[in-house]
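Remarks on the structure that follows.
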Amino acid sequence: MTRLYNDPVNFVDEATAGFVAAHAQRVCQVPGGVIRSTRSEPGTVAVVIGGGSGHYPAFAGLVGQGLAHGAVMGNLFASPSAQQVYNVCKAANNGGGVLLSFGNYAGDVLHFGQARERLIREGIPCEIVAVIDDISSADREELHKRRGIAGDLTVFKVAAAAAEAGYSLEEVVRLSRAANLRTRSMGVAFDGCTLPGADDALFHVPAGKMAVGLGIHGEPGISEQDVPSADALAELLVSHLLEEVPDGIETVRGARASVLLNGLGAIKYEELFVVYRRVHALLLEAGIEIVEPEVGELVTSLDMAGASLTLFWLDDELERLWRAPADTPAYRKGSLNPAPPIDTAALDIPDADEIPAASQASRAAARCVEQALRATREVIDANVDKLGKLDAIAGDGDHGIGMQRGAVAAAEAAEQALARGAGAGTLLRQAAEAWSDRAGGTSGAIWGVMLNALSLTLGDDAAPQAEHYARGVAKAKQDVMEFGKAKLGDKTLVDALVPFSDALSQRVAAGDDLANAWGAATQAAQAAAEDTQTLKPKLGRARPLAEKSLGTPDPGAISLAMILDVVHRVIATAD
């Protein structure tokens, strides 16, 4: 139970303010997260990590000399937005390029990927390494689908130590990928965590049972069993991890590995030490040389009752980087020479509120776009519970709330931009950034991508015609599929977006005006959204419970169809 909070809406902001106040000698706050408050060597790589809040010490607690240069902080259990990632990267950049690293979750992949593209367009080299250590989340043949859990730390630490040593971006990427492929983790949970202000936990494990392989947000595991003794739990975790030794380890006996026993929030350190006592003995019996192990809270989940075990299989290069000193609010080892503080006034913080000049025709189109976003907010407000219940059948039930946060933020941003004379492109860009920022998660990323695609196509100069909107929607379709990796038939929003875009382009090309073309395309999207009930999800958090979702349409496709319908009404009644 999360007991200490004021207004739950402000929980992350207030926690961040307190964290920065407590650790000002190591970190300072920037829009979207925190960066080092100490100077880094000019020309070196900046390692920027991040994800949803609620996992402290991940991610902000790992910022400091010898570890991350910056951490992007999303809402509780929701990925940060692309704008947040971009802001932190700009502030943390040392001139040697940026490495982005985070757990392999769909929303994070989308948002960090968008930020990377933007940085590259501005001439800042940027690469991504998504952590994939959780052996329970996908088979060995599908490593790219695995989640990142406590193994985040090994990848972050190796990447940051390489950057601190002055390695090039190419070498930092090589070493962090090597660490990623040599890290394996497995977790268990005895009960779920409770968000501030919530009446109950996000999930429960039956009394007397333990969920094996459960994810840090409550994603399904591989089985449930009776709660074991501490020794039996150690034996379970060690045996599973030793069954999957990474490529390159010819024999377990004589191999070197670091060991991380991680508490997820409610397990006390003394309990972890009891478990580690047996873990240590089992690994020594297997002939493994243990190098600088860690026992404690490394990647948590608020007050979740659970633990995970990580093995990081070392070679000479990785061991040297793992042993390298670090000094952060939550993780310290070795001895560092203190670095002087940075000049916060000199940080490169983008001005997201700038309103460039726009033509009268574009400002007129912006009024229609603002009305469409206001109608979007209203339809989502009216259906937030329905969308949440749809999502809860096989997901985590937050689609309605996430869409509501995003739609409210986008409508407010659009209203403010319109009042300041924005053209259609700028209004949509600011709405996209607001939706992405406030909503977080996968849906926030996707809607940010779609609105931003429209903004780039419409611009602030010409009077948008039907073909502009058709091209904008086609770009949105292309960008969503490129960043999110979803295809038709995966049971996602894409299953409604593709037929909508295709029908819109066809009708516009045939000479229909925007209202008629949009209406016909909306009908195609609505039918396609309903048809997703026959599909099994192949991506996202619903994938492990694919059978449960049969007979229920995809909530992302349904919410898209709802929004397209009300936007059609706005277009049809526009002057």
*asked:* Based on this model, can you work out whether D502 counts as over 27 Å from the mean Cα position of the chain (by Cα) and over 25 Å from A411 (Cα atoms)?
replied: yes
H399 vs (1) more than 29 Å from T534 (Cα to Cα); (2) surrounded by 22 or more Cβ atoms within 10 Å (Cβ to Cβ): all pass except (1)
Boolean, A439 is buried (at least 24 other Cβ atoms within 10 Å of the Cβ) and at pLDDT 95 or above: no
In the range 490-533, residues that are assigned to a loop (DSSP other than H, G, I, E, B) and touching a Pro at 6+ places or on another chain (Cβ under 6 Å) total 1
Looking only at the range 324-335, decide whether some residue is outside the structural domain of L175 (by TED's automatic domain parsing), aliphatic (A, V, I, L, M) and touching a helix residue (DSSP H, G or I) at 6+ places or on another chain (Cβ under 9 Å).
-> no
For the range 222-277, the count of residues that are out of contact with any helix residue (DSSP H, G or I) (no Cβ under 9 Å at 6 or more places or on another chain), farther than 17 Å from M304 by Cβ and surrounded by 15 or more Cβ atoms within 10 Å (Cβ to Cβ) equals 6
A careful count of residues in the range 535-557 that are at pLDDT below 90 and assigned to a helix (DSSP H, G or I) gives 7
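Give the number of residues within the range 133-147 that are in a loop (DSSP other than H, G, I, E, B), more than 17 Å from V188 (Cα to Cα) and among the aliphatic types (A, V, I, L, M).
Summing the residues that are in a loop (DSSP other than H, G, I, E, B), more than 17 Å from V188 (Cα to Cα) and among the aliphatic types (A, V, I, L, M) in the range 133-147 gives 0.
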G263 passes all but one of the listed conditions (1) more than 30 Å from the chain's Cα centre (by Cα); (2) on the phi < 0 side of the Ramachandran plot; the exception is number (1)
Within the range 229-267, residues in a loop (DSSP other than H, G, I, E, B) and either within 20 Å of I149 (Cβ to Cβ) or touching a residue at least 40 places away in the same chain (Cβ under 8 Å) (or both) come out as E243, E244, V245, P246, D247, G248, I249, A255, L264, A266, I267
E244 meets each of (1) within 22 Å of G215 (Cα to Cα); (2) modelled with pLDDT of 95 or more with one exception, condition (2)
Only unsatisfied item for L321, checking (1) part of a loop (DSSP other than H, G, I, E, B); (2) touching a residue at least 60 places away in the same chain (Cβ under 8 Å); (3) more than 25 Å from the chain's Cα centre (by Cα); (4) under 20 Å from H69 (Cβ atoms), is (1)
### Message
So for the range 170-184 (the condition being of a type in the set (V, I, T), assigned to a loop (DSSP other than H, G, I, E, B) and either more than 18 Å from the chain's Cα centre (by Cα) or in the same structural domain as V299 (by TED's automatic domain parsing) (or both)), does at least one residue qualify?
### Response
no
Of the listed residues (A375, A411, A392), the one being within 24 Å of the chain's Cα centre (by Cα), closer than 22 Å to A439 by Cβ and surrounded by fewer than 22 Cβ atoms within 10 Å (Cβ to Cβ) is A392
Conditions (1) in a loop (DSSP other than H, G, I, E, B); (2) at pLDDT 95 or above; (3) within 24 Å of R405 (Cβ to Cβ) -> F102 fails only (1)
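The values are calculated or read from the model by the stated rules, or taken from the named source; none is laboratory data. Not measured: the values here are computed from a predicted model. Backbone-built Cβ (ideal geometry, glycine too); neighbour counts: all protein chains shown.
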